[in-house]
């Protein structure tokens, strides 16, 4: 036979309410004692928490029904329990995992994205309220990202759900750097050797570092061959730019000057010819490449040749003029000459100054080229002129580097 045992629990008072809390917030429930029980103890489910205090503080993570129990002795000395039930609804909290794109020297695009989610995951209705003007390209209260054109500054806003759960966001957008707009100019597109060119960085208020080591906005260079220079500029935003500039250098014209003879008898003429250039300018003012001259005294001529690139080069020649008429008419022995006869045909005699047994004799042609040299020439020496071209020659007689005399002779 089974015994039927009936257990009787006396429950006095049952109270129910519904409350909301935002995710992550603490929540407080307080047990009630409407029957004035004594010797109280308290407990809460779910969780099986017991306490000597009527107040329970906790952080719910999900919506649930919480029941508080107040247990004690009533006025009839009977143990009684009062039950208090609360529906606790955990409301979604905005969660921000922000990312930012800051403008840089290489890109002016900036932006932000809150990457907005909610915990629990159900997305409620929400609004974003900006403290002050919103960033550029934000057009609605639900927009949590924007790109481009955002001015530098500190921005703050509050995201509020329909359940009044809020998350505050503050972020800083850096100013958009000014682009580096450096340009480099040169004073000469094509440079002649020996001429200075100025390389200039623009604008002048940038800082510059040149490959030459200079740190000024402009440098002066004088390359002899085509040379490349580099420069690094930095503007007020710290943006840098590197640029290379090529300075072409032309070659100088190879000006040469030929002359029929540099030692000329008074009254005779000579021809100067220039070559190796595109245009010519003599110190006489002539622009011809050829000059036919009859100088009356020693004179120097300078020829400036200019290339198609407008580069100049010079050549110089000095003409010496002597009175050859007196030499020809003097006969076999001209008292001012150390050689005879003048003019000579096949043999030239040498007469040294009185008191000298030997001396050094040098003979040059009209172009100044050495054609004969005898460092131990004796008095009354004879020189064979058989192979010498006809023309004017000049000579020097010296001893131990001291010039004793000089003059001109003619080979016919």
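Take the Cα of residue 178, step 7 Å toward its Cβ, do the same at residue 232, and the gap between the two points is 2.1 nm.
Report the extension gain between residue 55 and residue 164 in nm, rounded to one decimal, defined as 0.36 nm multiplied by the number of residues separating them, less their alpha carbon distance.
Length gained, residue 55 through residue 164: 36.7 nm.
Based on the reciprocal of the average 1/r between different C-alpha atoms, the Kirkwood radius for the range 103-155 equals 12.8 Å.
For residue 283 and residue 205, the difference between the fully extended length at 0.36 nm per residue and the C-alpha to C-alpha distance is 23.4 nm. The calculated FRET efficiency for the pair residue 242 and residue 316, based on their C-beta separation and a Förster distance of 41 Å, comes to about 0.30. Computed over the alpha-carbon pairs of the range 256-322, the distance histogram in 10 Å steps reads 22, 52, 21, 5, 0 percent, short to long.
By DSSP, the beta bridges lying fully in the chain are antiparallel in about 90 percent of cases.
Using Cα pairs under 8 angstrom and six or more residues apart, how large is the relative contact order of the range 256-322, in percent?
Working: 144 pairs, mean separation 24.1, N = 67.
Worked out over the range 256-322, it gives 36 percent.
Kindly list the residues of the range 137-165 that lie in the label zone of residue 129, defined by a backbone N under 20 Å from the point 7 Å along the Cα-to-C-beta vector. What the label zone holds, given the 20 Å backbone N cut-off, is 138-145, 155-165. Between the range 153-189 and the range 88-108, the C-alpha centres lie 14 angstrom from each other.
Ignoring solvent entirely, what values of log10 I(q)/I(0) come out of the Debye formula for the chain at 0.06, 0.07, 0.08, 0.11 Å⁻¹ when each Cα is a single scatterer? For the chain at q = 0.06, 0.07, 0.08, 0.11 Å⁻¹, log10 I(q)/I(0) is -0.63, -0.72, -0.80, -0.99.
Can you give me the relative contact order of the chain as a percent, contacts being Cα pairs under 8 Å and 6 or more apart? Before the final figure, lay out each step's value.
Values: 947 pairs, mean separation 32.4, N = 412.
The normalised contact order for the chain reaches 8 percent.
Over the residues of the chain, the helix contribution to mean residue ellipticity at 222 nm works out to 0 deg cm²/dmol, using -39500 (n - 2.57) for each DSSP H run of at least 4. For the peptides 273-281, 394-402, residues were scored by their other Cβ atoms within 10 Å and the scores averaged per peptide; the highest-first order is 273-281, 394-402.
Assuming R0 = 35 Å, what is the FRET efficiency of residue 188 and residue 107, from their Cβ-Cβ distance, to the nearest 0.05?
The computed FRET efficiency comes out at 0.40.
Could you quote the convex hull projected area for the range 183-247, Cα atoms only and averaged over all directions, in nm²? Can you show the working numbers first?
Working: hull surface 15.6 nm².
Orientation-averaged projected area of the Cα hull: 3.9 nm².
Only the coordinates and a few stated rules stand behind these numbers; no lab work does. The structure presented is a predicted model; accordingly, all values stated were derived computationally and were not measured. As a convention, Cβ positions derive from the backbone with ideal geometry for all residues, glycine included, and neighbour counts pool all protein chains shown.
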